[in-house]
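Quick notes on the structure that follows.
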Amino acid sequence: MADEPWRLPNIVQELAAGVQEPPSRYLQDLAGGDQLAGAEIPEPIPTIDLGRLSGSDGADEAAKLRSALQNWGLFLVSNHGVETSLIDAVIEAAREFFRQPVEEKKKLSNLIDGKRFQIEGYGNDPVQTKDQILDWSDRLHLKVEPECDRNLAFWPTHPKSFRDILHEYTLKIKTVKNDILLALAKLLELDEDCLLNQFSDRAITTARFNYYSPCPRPDLVLGLKPHSDLCALTVLLTDKEVGGLQVLRDGTWYSVPAVRDYSLLINIGVTLEIMTNGTFRAPLHRVVTNAERERMSVAMFYAVDGEKEIEPVAELLGLKQQSARYRGIKGKDLLIGHYEHFSRGGRVVDSLKI
Ligand SMILES: O=C(O)CCC(=O)C(=O)O
Ligand SMILES: [Fe+2]
């Protein structure tokens, strides 16, 4: 089956350089009158001061966080302690990587023998069915934690600083993730480390560098199809100048403006939706394309150990006297389910509801 040519999508950057019109496999079916241009967001995505949230006078920030989670499943954090110079360096290193000729990048291909898909490496997401609508983006996906499991063969050597910068960024963002998990547990009135403890030293963190080439038909083509992230939390660095991310609320796609001030965008993933028994919901989001400008983003995905059973946290069920609304599932099986649903634009978590 690996020999079926439809399973091997093009590198979009290559395609974009050579075609006037996107091939039919990239065109959305907009029969229902859906439009890709999103609605203007009615209020800004709340920005939470992470220093204050974690301190003793964090009540206002906690209230903001609660409302952001209820309304969007997304929030921004400022005062997070990650130096602006490091953030700039991450973006610049990613830009340098993507600026290389496609042939260079293909040396890190995510296709084994040019055929079989694996998660790590440079390329596209897997194609599951012949009629799957493809995304107008390329990405480099790397496992960064556990550190001893890094596959350095996939880590770029150009620019030369790439590996060191990603290593440092991994260390810094981890503290942000930890602070957020502590705050979320507090919000749920659980022991502070109740959520944090779900992540063992075998928990998997991946970094995904997304590159969206300019697309001649932004009215018909998506950069990334609707999905919810599979992990517990995503920490996203979005392009400072070019917007494109949209989030679904009450049936409407809202455009999330580009983040210009070094805040980090935090996105709840399905693992946390299950753990919190649906109290925090993983939002559906997608990325639209831009006719003139390239766009980039860097996502850090915090998942659990593949062998861990993901299920509603017992302490929470006890506290709220709730029964579990989701079936338990192992981290590695959630990953398999994720890609099956992803190809159809659905959420694996909906199949786990009791
Ligand atoms: O590019 C973006 O803004 C979002 C990327 C995203 O949703 C993802 O990588 O899961
Ligand atoms: Fe995402």
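The values are calculated or read from the model by the stated rules, or taken from the named source; none is laboratory data. None of the values given here were measured: they were computed from a predicted structure. Positions of Cβ are backbone-derived with ideal geometry, glycine not excepted, and every protein chain shown enters the neighbour counts. Heavy atoms of the whole protein, side chains included, go into the accessibility calculation; ligands, DNA and RNA do not. Shrake-Rupley method; radii C 1.70, N 1.55, O 1.52, S 1.80 Å.
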Complete set of residues in region 259-294 that are away from ligand 2 (no atom under 14 Å from the Cβ), of a type outside the set (Val, Ile, Thr) and out of contact with any helix residue (DSSP H, G or I) (no Cβ under 7 Å at 6 or more places or on another chain): Arg260, Asp261, Ser263, Gly278, Asn290, Ala291, Glu292, Arg293, Glu294
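Would it be correct to say that Asp164 is more than 17 Å from the chain's Cα centre (by Cα), away from ligand 1 (no atom under 12 Å from the Cβ), charged (D, E, K, R) and more than 17 Å from Ala94 (Cα to Cα)?
no
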Conditions (1) surrounded by fewer than 17 Cβ atoms within 10 Å (Cβ to Cβ); (2) β-branched (Val, Ile, Thr); (3) outside any loop (DSSP other than H, G, I, E, B); number of the one not met by Val90: (1)
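Tell me the residue from Lys186, Lys160 that is more than 30 Å from Gln322 (Cβ to Cβ), open to solvent by 60 Å² or more (accessible area, probe 1.4 Å) and not β-branched (Val, Ile, Thr), please.
Lys160
Among the candidates Ile310, Ile268, single out the residue that is more than 29 Å from Ala94 (Cβ to Cβ), touching a Lys or Arg at 6+ places or on another chain (Cβ under 8 Å) and β-branched (Val, Ile, Thr).
Details: Ile268 fails: more than 29 Å from Ala94 (Cβ to Cβ).
Only one candidate qualifies: Ile310.
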Number of the condition not met by Leu248 [criteria: (1) under 19 Å from Asn71 (Cα atoms); (2) within 15 Å of ligand 1 (Cβ to nearest atom); (3) in contact (Cβ under 8 Å) with a residue 40 or more places away in the chain]: (3)
Any hit, region 195-203, residues being crowded, with 21+ Cβ neighbours inside 10 Å and closer than 27 Å to Asp239 by Cα: no
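Those residues that are under 27 Å from Leu334 (Cβ atoms) and over 14 Å from the mean Cα position of the chain (by Cα), I need them from region 255-283; list them, please.
In the first step, residues of region 255-283 are kept if they are under 27 Å from Leu334 (Cβ atoms); the result is 256, 264-283.
Selection gives Val256, Glu273, Ile274, Met275, Thr276, Asn277, Gly278, Thr279, Phe280, Arg281.
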Filter result (outside any helix (DSSP H, G or I) and more than 19 Å from Ser54 (Cα to Cα)) within region 160-207: Lys160, Ser161, Phe199, Ser200, Asp201, Arg202, Ala203, Ile204, Thr205, Thr206, Ala207
Selection from region 24-45 of residues that are among the hydrophobic types (A, V, I, L, M, F, W, C) and either loosely packed, with under 12 Cβ neighbours inside 10 Å or part of a loop (DSSP other than H, G, I, E, B) (or both): Leu27, Leu30, Ala31, Leu36, Ala37, Ile41, Ile45
Count - residues of region 214-240 that are part of a loop (DSSP other than H, G, I, E, B) and within 13 Å of ligand 1 (Cβ to nearest atom): 6
Lone unmet requirement of (1) within 15 Å of ligand 2 (Cβ to nearest atom); (2) of a type outside the set (Gly, Ala, Ser); (3) within 26 Å of Ile133 (Cα to Cα); (4) open to solvent by less than 40 Å² (accessible area, probe 1.4 Å) for Leu233: (3)
Lone unmet requirement of (1) at pLDDT 90 or above; (2) open to solvent by less than 70 Å² (accessible area, probe 1.4 Å) for Gly55: (1)
Where a residue in region 136-157 is free of Cβ contacts under 8 Å to residues at least 60 places away in the same chain and its partner, wherever it lies, is of a type in the set (Val, Ile, Thr) and within 16 Å of ligand 1 (Cβ to nearest atom), with Cβ under 6 Å and at least six apart: none
Those residues of region 259-299 which are open to solvent by 10 Å² or more (accessible area, probe 1.4 Å), closer than 28 Å to Leu195 by Cβ and of a type in the set (Val, Ile, Thr), in sequence order: Val259, Thr279
Tally of residues being in contact with a strand residue (DSSP E or B) (Cβ under 8 Å, 6 or more places away or on another chain) and open to solvent by 20 Å² or more (accessible area, probe 1.4 Å) across region 248-257: 5
Of all residues in region 238-247 being more than 14 Å from Pro42 (Cβ to Cβ) and surrounded by 14 or more Cβ atoms within 10 Å (Cβ to Cβ), the one that is nearest to ligand 2 (Cβ to nearest atom): Leu245
Region 192-230: number of residues that are more than 16 Å from ligand 2 (Cβ to nearest atom), within 30 Å of Glu309 (Cβ to Cβ) and among the basic types (Lys, Arg): 1
